[in-house]
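Have a look at the structure below before the remarks.
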Amino acid sequence: MTAEVVIMNRGAVALAADSAVTFQEGKIFYSANKLHMLAPGYPVGILVFNNSSLMSVSWEVIIKLFREYLLTNKKRFSLLEQYAEELVRFLWTNQKKLA
């Protein structure tokens, strides 16, 4: 079970998540990363819950690759929705890399 908390006001957003992960075999790890900063200087945080992978690739790996892509290509957006759209575009165009 995952616990995630988001507190927002007009000036800031605070994100928090627990760090325990249970696998199907019943094994529990207490040091998983569920909260990720998109990239230094980017005002975007990502919380991961439930299934921690997409098509057998860890979300942590996907986020790190997306971060590298944004930084390398100097991509910045003014709206949060634009980051989400770019992530979907990134996933579609990099399917073979992620497989």
Looking at segment 3-62, which of its residues are closer than 23 Å to LEU87 by Cα and acidic (Asp, Glu)?
GLU4, GLU60
In segment 24-68, what count of residues is obtained for those that are out of contact with any Leu (no Cβ under 9 Å at 6 or more places or on another chain) and in a strand (DSSP E or B)?
5
Across segment 37-52, which residue is nearest to SER78 (Cα to Cα) among those that are loosely packed, with under 14 Cβ neighbours inside 10 Å and without any contact (Cβ under 8 Å) to a residue 24 or more places away in the chain?
PRO43
Within the bounds of segment 23-34, is there any residue that is surrounded by fewer than 12 Cβ atoms within 10 Å (Cβ to Cβ), in contact (Cβ under 8 Å) with a residue 24 or more places away in the chain and out of contact with any Gly (no Cβ under 9 Å at 6 or more places or on another chain)?
no
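Output the residues belonging to segment 59-79 that are under 10 Å from the mean Cα position of the chain (by Cα) and not aliphatic (A, V, I, L, M). Break it down into steps so the answer makes sense when it comes.
Taking segment 59-79 first, the residues under 10 Å from the mean Cα position of the chain (by Cα) are 59-64, 66-67.
Selection gives TRP59, GLU60, LYS64, PHE66, ARG67.
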I need a count of the residues in segment 1-37 that are touching a Phe, Trp or Tyr at 6+ places or on another chain (Cβ under 7 Å) and closer than 22 Å to LEU70 by Cβ.
1
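Is it the case that some residue within segment 4-16 is part of a loop (DSSP other than H, G, I, E, B) and closer than 28 Å to TRP92 by Cα? Step through it out loud before you land on a result.
Step one: filter segment 4-16 for residues part of a loop (DSSP other than H, G, I, E, B), giving 9-12.
Okay, now just the ones that are also closer than 28 Å to TRP92 by Cα, so none.
No; the residues of segment 4-16 include none that is part of a loop (DSSP other than H, G, I, E, B) and closer than 28 Å to TRP92 by Cα.
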Among the acidic types (Asp, Glu) and touching a strand residue (DSSP E or B) at 6+ places or on another chain (Cβ under 8 Å) - does that describe any residue in segment 72-82?
no
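Would a scan of segment 32-50 turn up a residue that is more than 23 Å from ALA12 (Cα to Cα) and at pLDDT below 85? Outline the logic, then answer.
At the first step, the residues of segment 32-50 found to be more than 23 Å from ALA12 (Cα to Cα) are 32, 50.
Now drop any that are not at pLDDT below 85, which leaves 32, 50.
Scanning segment 32-50, I find at least one residue that is more than 23 Å from ALA12 (Cα to Cα) and at pLDDT below 85, so the answer is yes.
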Just name the residue that is surrounded by the fewest Cβ atoms within 10 Å (Cβ to Cβ) out of those in segment 69-80 that are touching a helix residue (DSSP H, G or I) at 6+ places or on another chain (Cβ under 9 Å) and part of a helix (DSSP H, G or I).
TYR69
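The values are calculated or read from the model by the stated rules, or taken from the named source; none is laboratory data. All of these numbers come straight from a predicted model, not from anything done at the bench. FYI the Cβ positions are ideal-geometry reconstructions off the backbone, even for glycines, and counts take in every protein chain you see.
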